[in-house]
1. Relative to the present Cα-Cα distance, how much length would full extension add between Glu37 and Ala148 at 0.36 nm per residue of separation?
2. Can you give me the relative contact order of the range 12-54 as a percent, contacts being Cα pairs under 8 Å and 6 or more apart?
3. Work from the charge dipole of the range 76-185 (Cβ charges, +1 for Lys and Arg, -1 for Asp and Glu, about the Cα centre) and give the residue of Asn160, Ala148, Ser84 farthest towards its positive end.
4. Tell me, what is the FRET efficiency for Ser84 and Thr326 to the nearest 0.05, using R0 = 35 angstrom and their Cβ-Cβ distance as r?
5. For the range 1-142, what is the number of Lys pairs with C-alpha distance below 14 angstrom, counting only pairs 8 or more positions apart or on separate chains?
6. Per residue, what accessible area does the range 309-353 have, given a 1.4 Å probe and all protein chains present, in Å²?
7. Which Cα, out of Val272, Val75, Leu318, lies furthest along the positive dipole direction of the chain (beta carbon charges, K/R +1, D/E -1)?
8. What is the P(r) of the chain, as percent of Cα-Cα pairs per 10 Å bin from 0?
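The values are calculated or read from the model by the stated rules, or taken from the named source; none is laboratory data. Computed from a predicted structure; not experimentally measured. Neighbour counts are summed over all protein chains in view; Cβ atoms, including those assigned to glycine, are modelled from backbone coordinates with ideal geometry. To get the accessible areas, we keep the full protein, side chains included, count just its heavy atoms, and leave off ligands, DNA and RNA. Shrake-Rupley method; radii C 1.70, N 1.55, O 1.52, S 1.80 Å.
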Amino acid sequence: MENINHILEQFKFKGTLTDCEIFGSGHINTTYLASYECEDMNRQYIVQKVNTNVFKDIDSLMENVFAVTSYLRNVIKENGGNPSRETLHFIKTADGKKYFKDDDGSCYRAYRFVDRSISHDSVESAEVFKKSGEAFGRFQKYLSDFPAQTLTETIPNFHNTIWRYENEFLPALEKNLSGRADTCQAEIDFVKARKDDCSRLVNLINDGSLPLRVTHNDTKLNNVMFDIDTDDAICVIDLDTVMPGLALYDFGDSIRFGANTCAEDEKDTSKVAIDLDYFKAYAEGFLSQAGKSFNQCEIDNLAFSAKLMTFECGMRFLTDYINGDTYFKTAYPEHNLVRARCQFALVSDMESKMDEMESIIKNIKY
Ligand code: ADP
Ligand code: GN1
Ligand code: MG
């Protein structure tokens, strides 16, 4: 572990440091949980080393998250909620900066740990998954009047699937930096066979059928904190990719992760399938909060978006595998390939169940 004490000192947390450990299971940033003993009560903070390989403009990123969280605090208050528990609370450095930049260029930021909360890496019940759908739907609803033009696009073309196909996947194949391309020909063919899917939502944006909204764009189940006591989904976290996007991206990505019968990196792809009860539960939760503002084109593409976001994520894992694992954190050399195979197995299962998925959406009242 790097010299974390030197980093913690930059934020002047109250009390005496009792523990600091690596925390959580995100694939991008390095997260620490720091615990402090104070006279009145003990306090915990999340300190994150932001991944500067992924996020190139940390000043703008931190402007975004400070602006979004302060906006959310007001909306939550207006809606009778508890802002200190329902949105992230960032802490400035002792000299008033939004993050600390170390001598070697590493960037760190801090925020309060949401007390008595937990994140889930897998879905435990349809009811819990539905609650996460409500939380992400509410998040989008609360940000519906946020001035989108003030947000910097922290990762341009993040969910522009055809852009990712043409500008990341194909060049990765061409360069084959890891020399691994021959070990994954079946997966490469799987992606190429679905090229036409990649432009569908982008075309609908371009012809004015789908509206850009302020969206989260990384709606994995473990990006919501749940109350330990009630299991309510209380706080949407991991706000680095909040930027103009499609409601469909948020819906689809949640389904990709949470409605899979397996973990995102299950090796036995014969076990991978979409759980339609979970799909229905999430859709009910999400639409109950955000659905009233959706147009018909958004509703009509919800089921497809689940497939597209799963496909896109699989293509990103495969691209990273071929590039030599430079983007996502991996636990072993084949990890990105295993993840990609799992996503593609899920895409195949969704393709065979697309009619049922469409009909579930049609029958939801919101
Ligand atoms: P990454 O971008 O790497 O996914 P996250 O911001 O999602 O990073 O943080 C990683 C994990 O740390 C989360 O999944 C969650 O378990 C935990 N975490 C992050 N922020 C908080 C917080 N404010 N309170 C409690 N736990 C948190
Ligand atoms: C990353 O940061 P985390 O672990 O919540 C990634 C998502 C992927 C996801 C796949 C900024 O999410 O886009 O869908 O991994 N985040 C970024 O698990 O690239
Ligand atoms: Mg995360």
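1. Result: 36.0 nm gained on full extension.
2. 36 percent
3. Ranked along the dipole, the leading option is Ser84.
4. 0.40
5. 8
6. 28 Å²
7. Val75
8. In whole percents, the pair-distance histogram is 5, 24, 33, 26, 10, 2, 0.
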